[in-house]
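Asker: Got a structure here, written out as structure tokens. Questions coming.
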Amino acid sequence: MTASESVPRPSPSSRQDDFVLEVTDLRTYFDTDDGVLPAVDGVTFSIKRGQTLALVGESGCGKSVTSHSLLRLIQRPGRIVGGKILLHSARAGEIDIAQLKENSRQLFQVRGGLISMIFQEPMTALSPVHTIGDQVTEAIFLHQKVSVAEARRLAIEMLGKVGLSAPEQRFSQYPHEISGGMRQRVVIAMALVCRPELLIADEPTTALDVTIQAQILSLIKTLQREIGCSVLLITHDLGVVAQTADEVAVMYLGRIVEHGPVRELLKNPRHPYTQGLLQSIPALNRGTRLASIPGMVPALTAIPPGCPFHPRCPHAQTGRCDHGGAPPLRPIAPGRDVACLRAEEIAGVAGEVASASGK
């Protein structure tokens, strides 16, 4: 019996039935010599059981800081200054991760047990001086009460499930002895061997060639169905989003600016930033000059007033979009939320990503 299985299963509430995670007004700031940097500034989203939510945006928009905040992995000078991170666990009941003490038993149970994470670079996620088997079984021993023989069996079984040939041989090898794609599969095995309820995949195909990327994404989807976990996919690649996600949340400067079902959002984006991202995809603009979003992402120390995107927005109105606070994320249709004052006035851009992916 595993440690998690020894916990009596609570009577699930309706929220537990529908959602595995609800994040409300999450704020993660960094104290620097230049001032306080709001890397994540009022982020709200939820993830349904068994579904995949993609968190999308340019580099530096706060995607990875958001994912690290969910597991309380923020290091000084960073700190979570507000918000709720509610995990509706079928095994452990409702847990507000934001309120857990750093050395608490529940936080230990959450990290790697109830929620697992695939980090961007497998070589930094794996120890170069320990065998693959040692690292996978360590994850097992941390969260399950099993014998050495049983841990070995579970590890080899999972290495086989992630598509590694000769898993018994890989068990005794070191990370430098296998390819980058194989190392990423080992990281996935470590993340899923304890059967988490939520998997956070932070750019899981970074630095892999296109063929291996497709294999890794297919593997994650297959294992997700087998284990029954939800997935938070962190990416900047809208092609990956179209192939794998059920819902999409688009981030800009630490805020979610648009959210909705993947097919609807990609076919009819309502925020100018989302429209700009889609128009800059080469596959959607064959035979025409590739579009780009003008300007650069402002520094967190110089976020403009009003809508943070207004200096780069082709639809911005002087005196309306450049005054006051940032527009709140608000519903404009069932399941569709946009943080834009002119969302109802802006026509959506037809997107071919969803149809190309078969969604």
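Asker: Cα convex hull of the stretch 206-343: mean projected area in nm², to one decimal?
Answerer: Working: hull surface 41.2 nm².
If I average the Cα hull's projected area over directions, I get 10.3 nm².
Asker: State, as an integer percentage, the relative contact order of the chain based on alpha-carbon contacts under 8 Å between residues 6 or more apart. Intermediate results must be reported in sequence, preceding the final value.
Answerer: Working: 685 pairs, mean separation 68.0, N = 359.
Across the chain, relative contact order equals 19 percent.
Asker: Given a 1.4 Å probe and every protein chain left where it sits, what share in percent of the accessible area of the chain is carbon and sulfur? Don't skip to the answer; put the middle values down first.
Answerer: Details: 8570 of 16400 Å².
Using a 1.4 Å probe with all protein chains present, the chain comes out at 52 percent carbon and sulfur.
Asker: Lys and Arg at +1, Asp and Glu at -1: add these up for the other residues within a Cβ distance under 15 Å of Leu223 and post the number.
Answerer: Values: positive: Lys161, Arg185, Arg195, Lys221, Arg225; negative: Glu157, Glu197, Glu226.
Every neighbour counted, the sum reads +2.
Asker: Need the C-alpha centroid separation for the stretch 227-264 versus the stretch 84-116, integer Å.
Answerer: 23
Asker: What's the Cα-based Rg to Rh of the chain, Rh via Kirkwood? Kindly include the intermediate steps, with their values, before the conclusion.
Answerer: On the way: Rg = 21.1 Å, Rh = 21.5 Å.
Ratio of gyration radius to Kirkwood radius: 0.98.
Asker: From Cα pairs below 8 angstrom and at least 6 apart in sequence, can you work out the relative contact order of the stretch 167-314, rounded to a whole percent?
Answerer: Normalised by residue count, the contact order of the stretch 167-314 is 14 percent.
Asker: Which value results for Rg/Rh of the stretch 66-148 when Rg is the Cα radius of gyration and Rh the Kirkwood radius based on the inverse mean 1/r?
Answerer: Details: Rg = 14.5 Å, Rh = 14.5 Å.
Ratio of gyration radius to Kirkwood radius for the stretch 66-148: 0.99.
Asker: Using Cα positions and a limit of under 21 Å, work out the lysines in reach of Lys101, with same-chain residues fewer than 8 apart set aside.
Answerer: Lys84
Asker: What are the ³J(HN,Hα) values, in whole Hz, obtained from phi via the Karplus relation 6.51 cos²θ - 1.76 cosθ + 1.60 with θ = phi - 60°, for each residue of the stretch 151-157 in sequence order, with x given for Gly and Pro?
Answerer: Computed from phi, the couplings for the stretch 151-157 are 4, 5, 4, 5, 5, 5, 4 Hz.
Asker: On to the next question. Among 31-43, 250-262, how do they line up from the highest to the lowest mean number of other beta-carbon atoms within 10 Å?
Answerer: Working: 31-43: 16.7, 250-262: 24.5.
Result, highest mean Cβ count within 10 Å first: 250-262, 31-43.
Asker: Now, a different point. What is the helix-to-structure angle for 210-227, meaning the angle in degrees between its Cα long axis and the longest Cα principal axis of the chain, kept from 0 to 90 and rounded to the nearest 10?
Answerer: Computed tilt is about 70 degrees.
Asker: With no solvent and one equal point scatterer placed on each C-alpha of the stretch 160-207, evaluate the Debye formula and give log10 I(q)/I(0) for q = 0.21 Å⁻¹, two decimals.
Answerer: -0.78
Asker: Each residue of the stretch 98-112 in turn: what ³J(HN,Hα) in whole Hz from Karplus with 6.51, -1.76, 1.60 and θ = phi - 60°, glycine and Pro shown as x?
Answerer: Using θ = phi - 60°, the values come out as 5, 9, 6, 6, 4, 9, 6, 5, 5, 5, 4, 5, 5, 5, x Hz.
Asker: Please report, for the Cα atoms of the stretch 26-118, the Rg to one decimal and the Dmax as a whole number; what are they, in angstrom?
Answerer: Answer for the stretch 26-118, Rg first and Dmax second: 13.7, 44 Å.
Asker: Here's a follow-up. Based on the mean of other beta carbon atoms within 10 Å per residue, what is the order of 317-325, 69-77, 91-99, 183-191, most packed first? If you can, show how the numbers build up before the last one.
Answerer: On the way: 317-325: 12.2, 69-77: 15.7, 91-99: 17.2, 183-191: 25.3.
Most protected by this proxy first, the peptides run 183-191, 91-99, 69-77, 317-325.
Asker: Where does the charge balance sit around Gly62 when Lys and Arg score +1, Asp and Glu -1, over other residues with C-beta under 12 Å from its C-beta?
Answerer: Numbers: positive: Arg27, Lys63, Arg255; negative: Asp41, Glu58.
It works out to a net charge of +1.
Asker: If you don't mind, there's one more thing I want to ask. Restricting to the chain, compute how many DSSP beta bridges are antiparallel as a %, nearest 5. Mind showing how you got there, number by number?
Answerer: Working: 34 of 53 bridges.
Bridges in the chain that DSSP calls antiparallel: roughly 65 percent.
Asker: What does DSSP give for the stretch 169-309 in terms of the percent of beta bridges that are antiparallel, rounded to the nearest 5?
Answerer: DSSP beta bridges in the stretch 169-309 are roughly 55 percent antiparallel.
Asker: For the stretch 265-338 and the stretch 161-202, what is the separation of their C-alpha centers, rounded to whole Å?
Answerer: Using only Cα atoms, the two centres lie 38 Å from each other.
Asker: Then there's this: Where only protein heavy atoms count, and the probe is 1.4 Å, what is the accessible area per residue for the stretch 216-266 in Å²? Mind showing how you got there, number by number?
Answerer: On the way: 1470 Å² over 51 residues.
Heavy-atom accessible area per residue stands at 29 Å².
Asker: Taking every Cα atom in the stretch 223-297, find the radius of gyration and the maximum pairwise distance Dmax, and write them in Å.
Answerer: Calculated on Cα positions, Rg and Dmax stand at 13.9, 44 Å.
Asker: How far, in nm, would the chain grow between Asp34 and Tyr174 when pulled straight, counting 0.36 nm per residue and subtracting the alpha carbon separation? Working shown, then result.
Answerer: Working: separation 140, 0.36 × 140 = 50.40 nm, distance 4.25 nm.
Here the answer is 46.1 nm.
Asker: Any lysines with Cα under 16 Å of the Lys161 Cα? List them, leaving off those in the same chain fewer than 8 positions away.
Answerer: Filter leaves Lys221.
The values are calculated or read from the model by the stated rules, or taken from the named source; none is laboratory data. In this text, all values refer to a predicted model and were calculated from it rather than measured experimentally. FYI the Cβ positions are ideal-geometry reconstructions off the backbone, even for glycines, and counts take in every protein chain you see. Surface accessibility is based on the protein's heavy atoms, side chains included, excluding ligands, DNA and RNA. Shrake-Rupley method; radii C 1.70, N 1.55, O 1.52, S 1.80 Å.
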